[in-house]
Amino acid sequence: MARPEVLDRIKEAETEADEIIAEAESDADERLAEARSRADEIRAEAEEEAAAEAEARLESAREELEERREEILAEGREDREALESTARDRVDDAVDYAVERFEEAVKGRQTEE
């Protein structure tokens with residue numbers, strides 16, 4: 001093979017190698033772009049799922065708080081009713097006590113006179 005032919009073949013091989021490298025770089029760029037795009041999609045999905053989970057937990061906590069609030073209010077109503085009942089039961093005793101004191105005071109005045 002003559003020298004010019006060898007040089008031509010070397011140039012052709014270099015050109016072919018350059019094309020292969022360019023194609024590989026292009027393919028790598030495409031794959032990288034696809035991977036970044038997919039990573040963005042996965043990140044967005046994860047953020048949506050995390051937000052939904054956070055909202056669900058928040059709603060659950062609100063429900064628990066509302067249940068506890070209702071329990072506390074019910075306990076308060078029961079306590080109030082018990083106190084009112086006790087107070088009603090003691091009204092008669094208080095009236096009797098006041099009448100006795102009044103009668104004692106009246107009798108004490110009559111004795112002094």
Cα Rg, Dmax (largest Cα-Cα span) when computed across the range 1-44, Å: 18.7, 62
Folded to 0 to 90 degrees: helix 3-112 orientation relative to the chain principal axis, Cα: 0 degrees
GLU78/VAL99 FRET efficiency (R0 35 Å; Cβ-Cβ; nearest 0.05): 0.60
Dipole-positive endmost among ALA35, ILE10, ALA61 within the chain (Cβ charges, Cα centre): ALA61
Cα→Cβ-extended label distance, 7 Å offset, between ASP27 and VAL6, nm: 3.2 nm
Local electrostatic count, SER37, Cβ distance below 14 Å [Lys/Arg +1, Asp/Glu -1]: -2
Overall Cα dimensions of the range 1-105 - principal axes, largest extent first, Å: 147, 19, 11
Accessible-area composition of the chain, carbon plus sulfur, in percent [1.4 Å probe]: 51 percent
Calculated on alpha-carbon atoms, Rg and Dmax of the range 23-74 in Å: 22.3, 76
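The values are calculated or read from the model by the stated rules, or taken from the named source; none is laboratory data. Just so you know, these numbers come straight off a predicted model, no measurement behind them. Neighbour counts run over all protein chains shown; Cβ positions are idealised from the backbone, glycine included. For the accessible areas, the whole protein counts, side chains as well, though only heavy atoms, and no ligand, DNA or RNA atoms are used. Shrake-Rupley method; radii C 1.70, N 1.55, O 1.52, S 1.80 Å.
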